[in-house]
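The structure appears right after this line, and notes come after that.
The values are calculated or read from the model by the stated rules, or taken from the named source; none is laboratory data. Fair warning: this is a prediction, and the values are worked out from it, not measured in the lab. Neighbour counts are summed over all protein chains in view; Cβ atoms, including those assigned to glycine, are modelled from backbone coordinates with ideal geometry. Note: areas computed on protein heavy atoms with side chains; ligands, DNA, RNA excluded. Shrake-Rupley method; radii C 1.70, N 1.55, O 1.52, S 1.80 Å.
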Amino acid sequence: MGGGGGGDTFTVDDALLTLGFGKYQYFVLAYAALAWVSEAMEMMLLSFIGPVLKRIWRLSAKEQSLITSVVFIGMLVGAYSWGVIADKYGRRKGFLMTALVTTSAGFMSSFSPNYATLLVLRCVVGIGLGGGPVLCSWLLEFIPPPNRGTWMVVFQAFWTVGAIFEASIAWAVMPTLGWRWLLAFSSIPSFGLLIFYLCTPESPRYLCLNGKIKEAMTILDRIAKVNGTEVPSGTLVSDDDVVAACAGHKVKAEETEDVNYKDVFITTFA
């Protein structure tokens with residue numbers, strides 16, 4: 001980043017470093033944490049409903065284990081698919097779609113009339129859960145580079161919160177209301193993601209990399225206002241522009257170096 005002249009440029013990471021970690025990042029962390037709690041709950045409930053369904057539907061051990069396996073199969077598909085979608089259409093649209101899939105399939109699975117329907121719906125839930133890394137990317141792209149390691153550890157801790165919360169709900173609900181209510185209650189955090197979705201911003205880094213500099217600057221200005229800081233002076237550029245500029249300087253330097261060697265050769269042996 002430049003010093004202060006009209007030709008100065010800065011990247012999103014430069015701006016985040018200046019803006020610091022403040023109230024805006026706490027809001028982003030809270031939303032991402034809710035998603036991580038939701039994902040932990042959807043995974044944790046499998047250990048509670050499996051034994052109950054085995055008894056009620058008289059499943060074999062293999063059939064019981066398949067209830068868990070189909071979720072991971074769905075996650076395998078979703079992990080790749082949501083990454084492609086998030087890179088093409090934006091982080092924000094990516095995790096909206098994952099929340100829609102997880103919420104709808106998770107809630108509908110509480111109405112499953114039979115084993116086959118439950119397997120299909122839980123597999124769809126797994127596809128939605130596979131989008132977890134999209135939310136991690138979205139969160140990290142709002143955090144200043146030096147702080148990312150620390151806050152990623154904090155973020156991961158919310159998985160434990162979700163697991164404990166799910167165990168508490170299972171302890172309260174399963175003996176009285178049954179497994180269907182556990183599935184329904186476990187989808188509530190995912191509904192929360194949809195409710196607060198309109199308040200979430202797009203990643204400024206994604207916007208910048210896709211040439212939407214004005215929109216990225218709007219987000220950075222909003223962060224500065226909430227955090228009580230200021231955006232660096234100069235022109236916002238993407239990381240790709242910086243890399244391209246560096247590559248251009250390298251090529252020019254190599255060409256100059258070649259000319260100098262040629263001049264030395266001619267001077268020496270002429």
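Hey, residue 27 hits all of (1) at pLDDT 90 or above; (2) in a loop (DSSP other than H, G, I, E, B) but one; which does it fall short on?
Of everything listed in (1) at pLDDT 90 or above; (2) in a loop (DSSP other than H, G, I, E, B), residue 27 misses just condition (2).
If you check residue 193 against the conditions, is it open to solvent by less than 20 Å² (accessible area, probe 1.4 Å) and closer than 27 Å to residue 22 by Cα?
yes
Find the residue count for segment 30-59, including only residues that are under 22 Å from residue 138 (Cα atoms) and either of a type in the set (A, V, I, L, M, F, W, C) or over 18 Å from the mean Cα position of the chain (by Cα) (or both).
10
In segment 100-111, which residues are closer than 19 Å to residue 44 by Cβ and touching a residue at least 40 places away in the same chain (Cβ under 8 Å)?
102, 103, 106, 107, 109, 110
Suppose we filter segment 169-190 for residues that are open to solvent by 10 Å² or more (accessible area, probe 1.4 Å) and assigned to a loop (DSSP other than H, G, I, E, B); how many remain?
Selection size over segment 169-190: 5.
Between residues in segment 132-144 that are more than 12 Å from residue 204 (Cβ to Cβ) and at pLDDT 85 or above and residues that are assigned to a helix (DSSP H, G or I) and aromatic (Phe, Trp, Tyr), which pairs lie under 6 Å by C-beta distance while being six or more apart or on different chains?
Partner pairs satisfying both residue conditions: 134/82; 134/95; 135/95.
List pairs: first residue in segment 80-99 and at positive phi, second residue open to solvent by less than 20 Å² (accessible area, probe 1.4 Å) and among the polar types (S, T, N, Q) anywhere in the structure, Cβ distance under 9 angstrom, at least six positions apart or on different chains.
Sorted first by the residue in segment 80-99, then by its partner, the pairs are 90/203.
Do we find that residue 79 is in contact with a helix residue (DSSP H, G or I) (Cβ under 7 Å, 6 or more places away or on another chain) and either open to solvent by 10 Å² or more (accessible area, probe 1.4 Å) or assigned by the TED database to the domain that holds residue 195 (or both) in this structure?
yes
Any chance you could count how many residues in segment 15-43 are over 18 Å from residue 191 (Cα atoms) and surrounded by fewer than 20 Cβ atoms within 10 Å (Cβ to Cβ)?
The qualifying residues number 7.
Could you please let me know if residue 164 is open to solvent by 60 Å² or more (accessible area, probe 1.4 Å) and either in contact with a helix residue (DSSP H, G or I) (Cβ under 8 Å, 6 or more places away or on another chain) or in a helix (DSSP H, G or I) (or both)?
yes
Within segment 17-56, which residues are more than 25 Å from residue 103 (Cβ to Cβ) and not aliphatic (A, V, I, L, M)?
Those that are more than 25 Å from residue 103 (Cβ to Cβ) and not aliphatic (A, V, I, L, M): 18, 20, 21, 22, 23, 24, 25, 51, 54, 55.
Of all the residues that make up segment 60-72, how many are open to solvent by 40 Å² or more (accessible area, probe 1.4 Å) and within 20 Å of the chain's Cα centre (by Cα)?
Within segment 60-72, residues that are open to solvent by 40 Å² or more (accessible area, probe 1.4 Å) and within 20 Å of the chain's Cα centre (by Cα) number 1.
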